[in-house]
Amino acid sequence: MSDREQTAGRTPYPGTGPGGRVAVVVVLILALVCGGIAAGYAWSFAGWVEQARATHIHQVTATTTGPASEPSALARGGTAPGAVAPAVWAYPDGVRRSGTVEVPPGTARGRAVVVRVDDTGSPVVETSGEADRVFTSLAGGTVTAGAAGAAGAGVLVLLRRRADGRVSAALEREWERVEPVWSGRPRRGSGPGTDGG
């Protein structure tokens, strides 16, 4: 039997040869599709959370009790508001509350400013809603795509190991048949007084 005939009769491993490459491409496409679907759901969920949060945020008028000042870098936390100032307001039960709120730069004491507070009357930290939604969607899609890709790769590895086992068993059977002829050793079960064929 020629090398070409032996190669033609051999079953390629999963993950190798044209069929294996197609399987890898299919796994990658499925991972991307799963990631896209997850990103879409994450985008919708983040929008729903933002809407739910908005129902508990109220705009009230506060009066500054001191001049505006630039916040420290630690207080900014990377959001870099224009300025902050101490202020007082009454919400939701008419009880006077006080705190530091974001104001336009240069705001003087005694000025009326609009602030956002929650249901308890505490100031609400502004968030970049759109940027948060984008980040959440990308993170959810990436994690899902990675998990789907890892699962698909695991399936291909298991298929390859199974194919390895079949190939090894076939080689063992072939060796049992060929080795006695090659080495001149009697086959198993044959010996003096038996027909070893």
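Any read-out appearing in this document is the output of simple, stated calculations on the displayed coordinates, not a laboratory observation. Bear in mind the structure is a predicted one, so any value in this text is a computation, not a measurement. Here the Cβ is made from the backbone with ideal geometry for all residues, glycine too, and neighbour counts use every protein chain on show.
For the pair Val88 and Trp182 in one chain, pulling the backbone fully straight at 0.36 nm per residue adds 23.9 nm over the alpha carbon distance.
Share of pairwise Cα-Cα distances greater than 15 Å in region 90-136 is 57 percent (whole percent).
Rounded to the nearest Hz, the phi-derived 3J(HN,Hα) couplings of region 159-165 under the Karplus curve 6.51 cos²θ - 1.76 cosθ + 1.60 (θ = phi - 60°) are 5, 5, 5, 4, 5, 4, x, where x marks glycine and proline. Straightening the chain between Arg173 and Thr61 buys 31.5 nm, computed as 0.36 nm per residue apart minus the Cα-Cα spacing.
Distance between the pseudo-spin-label points of Ala131 and Ile37 (7 Å out from Cα toward the beta carbon): 3.2 nm. Okay, which of region 80-120 sit inside 15 Å, backbone N to the point 7 Å along the Cα-Cβ direction of Ser69? Backbone N within reach: 83-87, 99-103, 106-109.
Backbone amide hydrogens, once placed in the peptide plane, bring Ala83 within less than 5 Å of Val103, excluding anything fewer than 5 places away on its chain.
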